[in-house]
Amino acid sequence: MDSTLTHPVIAKLRTRYMAYSLRERRLILIMCTVVGAGLLWSWFAWQSHENTRLDKVLPQSRARLASLQDASAEITRLKAKPPLTQTSPAQLVDALQASAQAMQLSLSIRNIDGGLVQVSGKEVSFDIWISWLAKVQQTLGMRLASADVVREGNNVRVESQLSSGQ
């Protein structure tokens with residue numbers, strides 16, 4: 001088994017190095033020291049630059065990862081949720097009306113063509129109406145297709161259309 005110091009290439013280099021005069025050997029050692037120091041300095045400078053860059057990038061990347069994990073968990077939750085049952089338009093209007101009354105909203109709800117449901121109301125609390133829309137989307141799968149909301153004092157006048165989310 002060859003030792004690293006007795007390797008033929010190293011032996012050739014050592015023989016060639018010893019052939020130089022003492023002054024040339026010193027110059028070669030100084031040159032190797034300067035080049036080595038330059039390489040070390042550039043490596044440490046690069047490492048410092050990368051650490052600074054990573055200090056900025058890592059928190060952003062972790063935030064994006066957390067956001068993606070939250071989205072993934074939401075997708076998994078929604079996939080596990082049983083599909084909504086199909087209801088007739090009359091049953092849908094009744095369910096919407098009952099839901100609105102449960103949240104103390106006085107809304108006029110009627111079925112119109114194309115699978116749309118028209119919802120209108122006067123002096124409706126905007127916050128309660130938005131909460132009702134979220135509940136309707138979760139329970140009945142109905143989504144807001146269009147809305148015209150006009151402020152009237154502390155409340156709003158609502159003219160909107162809901163569509164099936166399927």
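Worth a mention:
- Carbon/sulfur fraction of accessible area - the chain, other protein chains in place, 1.4 Å, %: 59 percent
- Separation between Cα centres of the range 99-134 and the range 30-85, rounded to whole Å: 47 Å
- Selected from Trp129, Ser42, Gln104, residue furthest toward positive end of dipole (the range 27-166; charges at beta carbon): Ser42
- For the range 1-159: rounded, prolate or oblate by the Cα gyration tensor [a/c cutoff 1.5]: prolate
- Computed [θ] at 222 nm, deg cm²/dmol, the chain (DSSP H ≥ 4; -39,500 (n - 2.57); rounded to nearest 500): -21500 deg cm²/dmol
- Separation of the Ser48 and Glu152 label points, Cα + 7 Å toward Cβ, nm: 6.9 nm
- Distant-in-sequence amide H partners of Ala145 (H built 1.01 Å from N, under 5 Å): Gln161, Leu162, Ser163
- Note: relative contact order over the range 1-133, using C-alpha pairs below 8 Å and six or more positions apart, is 11 percent.
- The calculated FRET efficiency for the pair Ile30 and Val9, based on their C-beta separation and a Förster distance of 22 Å, comes to about 0.40.
- Gyration tensor (alpha-carbon) shape descriptor, the range 85-124, a/c threshold 1.5: oblate
- Using a Förster distance of 35 Å, the FRET efficiency for Leu68-Asp113 (Cβ separation, nearest 0.05): 0.30
The values are calculated or read from the model by the stated rules, or taken from the named source; none is laboratory data. Keep in mind that this is a model prediction, so the values were computed, not measured. Here the Cβ is made from the backbone with ideal geometry for all residues, glycine too, and neighbour counts use every protein chain on show. Only protein heavy atoms, including side chains, enter the accessible area calculation; ligands, DNA and RNA are left aside. Shrake-Rupley method; radii C 1.70, N 1.55, O 1.52, S 1.80 Å.
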